[in-house]
Amino acid sequence: MKNRLKTSFILTFIFCTFLSCNTEKLAIKSDFVIGTICTIKIPKSKKADKILNLCFEELKRLESILSANSNISELAKVNNKASTKPIKLSDELFELISLSKKISEQTDGAFNPAIGRIVKLWNIGFENERVPKKDEIEKFLPFTKTENLLLNSQKEIFLQNGNVQIDLGAIAKGYACDKIYSLLKDQGVKSAVIDFGGNIFVLGKKFFTKQNWNVGVRNPNGKVNDVLITLELADTSVVTSGIYERFFFEGGIRYHHILDPKTGYPAQNDLASVSVICKNSTYADALATAFSVLGYKKSLEVLKRFSEQKIQVVFIFKDGNVKLSKK
Ligand code: FAD
Ligand code: MG
């Protein structure tokens, strides 16, 4: 893949532990898709390999719709053409852009699917990453208003201006997790781990037991096996966003990939990483990014707006402190 993520920057913040679990009894498949290494683990059975292949075919199909990093995805077509005439969307793209607009409103714009032009200016994680000039950011920031994304009841989209660009990188992995979760359930799978580099979904209870899964949240400032907190979970998703995940240095300054849509620059606040626990991985993904932009205090306010989603959040601060939101 031409624009493949520089592996030195990959640091997955969460992982499942399989204490007392015999991995010989598992069917496991990994591949590089949707911009990360995706791994799915299910119990071995006659159908297991077929089910895993189905999952990865589905992931590739979703990538061909949702990727902002490909020239031939459905999203690329929208970004290139939908400012000249309305374009009919697939059900998935319509659903995800509609939901992204809604979450953007609910987070006071901290999560912003129309931030694509600014993301491309920085290109963080790609070979030509750079600090854009101030006047470039000022020029393109006005085109990141989500009001520029016009959707209609025929599932068409129109972009108000040629400079408006959609990027679903902060929500699409979560959406893909939800789709694979449903596919596995439809195939009769009772227990699974879906791990899309920072986005985890544990389906059911721990393999071959009636116990909860142990999901470790890593210390964003520490080494790979430095677990700050272990969560006991069942049938839910955990998504982490962090400022130490994708970044580059210029002039001795670290620039990370979570951008504040108000300024066009990497978000600056008290947080190092945010893990959102929610049965809906799409929401978890979008909100992990939004809270990383908002900082701790504002995130708690915004969190109240999502009572329906029954969300819990693990905030890890730059100084190493950890705080859990109330259930
Ligand atoms: P998150 O916090 O979930 O998202 C951060 C990403 O969202 C940023 O990288 C940016 O793209 C965007 N963003 C930044 N700030 C905001 C904001 N305030 N609101 C909304 N969005 C924001 N990477 C590659 O290197 N090569 C690829 O070919 C590639 N293909 C991909 C295809 C798909 C379908 C997807 C979903 C991702 C792909 N990626 C690829 C990775 C992608 O570019 C993002 O970097 C990645 O999704 C970031 O996820 P995260 O969990 O690290 O961070
Ligand atoms: Mg996200």
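The charge dipole of the chain, taken about its Cα centre with unit charges on the Cβ atoms of Lys, Arg (+1), Asp and Glu (-1) only, comes to about 540 debye.
Can you pull the semi-axes for region 193-327, root of five times each eigenvalue of the Cα gyration tensor, sorted largest first, whole Å?
Working: eigenvalues 132, 61, 33 Å².
One finds semi-axes of 26, 17, 13 Å for region 193-327.
Any chance you could list the semi-axes, whole Å, largest first, of the equivalent ellipsoid that the Cα gyration tensor gives for region 135-194, using √(5λ)?
36, 16, 6
When the listed pairs Lys179/Lys206; Lys88/Lys298; Lys81/Lys279 are checked against a 28 Å cut-off, the alpha-carbon distance exceeds it for Lys88/Lys298; Lys81/Lys279.
Here the Karplus relation 6.51 cos²θ - 1.76 cosθ + 1.60, evaluated at θ = phi - 60°, turns the backbone of region 45-62 into coupling constants of 6, 4, 8, 4, 5, 5, 5, 5, 4, 4, 4, 6, 4, 5, 4, 5, 5, 5 Hz, with x for every Gly and Pro. Between Ala272 and Ile316, Phe317, Lys318, the built amide H atoms are under 5 Å apart, and every one of these is 5 or more places off in sequence or on another chain.
Among Ile316, Ile51, Ile200, whose mean-square fluctuation peaks in a Gaussian network model of the chain (Cα, cutoff 10 Å)? Its mean-square fluctuation being the largest, the pick is Ile51.
Between Ile115 and Asp167, the built amide H atoms are under 5 Å apart, and every one of these is 5 or more places off in sequence or on another chain. The local environment of Ile97, defined by Cβ-Cβ distances under 12 Å, has a net charge of -3 under the rule Lys, Arg +1 and Asp, Glu -1. The sum of -39500 (n - 2.57) across all DSSP H runs of n ≥ 4, divided by the residue count of the chain, sets its helix-only mean residue ellipticity at 222 nm to -9000 deg cm²/dmol.
Could you give the size of the charge dipole of region 240-300 about its Cα centre, using +1 on the Cβ of each K and R and -1 on the Cβ of each D and E, expressed in debye and rounded to the nearest 20?
On the way: 6 positive and 5 negative charges, 34 e Å.
Its charge dipole is roughly 160 debye.
Ranking Ser104, Ser30, Asn212 by Cα position along the charge dipole of the chain, where only Lys, Arg, Asp and Glu carry charges on their C-beta atoms, puts Asn212 farthest toward the positive end. The alpha-carbon atoms of the chain, seen along their principal axes, cover 56, 46, 39 angstrom, with the largest extent given first. Shown here: region 183-267, whose C-alpha atoms stretch 52, 28, 17 Å along the first, second and third principal axes, sorted largest to smallest.
Where does region 91-171 land on Rg/Rh, using Cα atoms and the Kirkwood Rh?
Values: Rg = 13.2 Å, Rh = 13.4 Å.
Taking Rh as the inverse mean 1/r over Cα pairs, Rg/Rh reads 0.99.
Packing around the peptides 153-162, 289-298, 253-262, taken as the average count of other Cβ atoms within 10 Å per residue, puts them in this order, highest first: 289-298, 253-262, 153-162.
Please compute the net charge surrounding Ser307, taking Lys and Arg as +1 and Asp and Glu as -1 over other residues with Cβ under 14 Å from its Cβ. Let's see the in-between values first.
Values: positive: Lys279, Lys304, Arg305, Lys310, Lys326, Lys327; negative: Glu301, Glu308.
With Lys, Arg at +1 and Asp, Glu at -1, the neighbours total +4.
Divided by 2.2 N^0.38 Å, where N counts the residues, the Cα radius of gyration of region 34-91 comes to 1.52. Computed from backbone phi, the HN-Hα couplings of region 124-134 come to 5, x, 10, 4, 9, 4, 6, 7, x, 6, 4 Hz, rounded to whole numbers (Karplus: 6.51 cos²θ - 1.76 cosθ + 1.60, θ = phi - 60°; Gly and Pro given as x).
We did not get these values from a lab; they are worked out from the coordinates using the rules stated. None of these values were measured; they are calculated from a predicted model. Here Cβ is always computed from backbone atoms with ideal geometry, including for glycine, and neighbour counts include all displayed protein chains.
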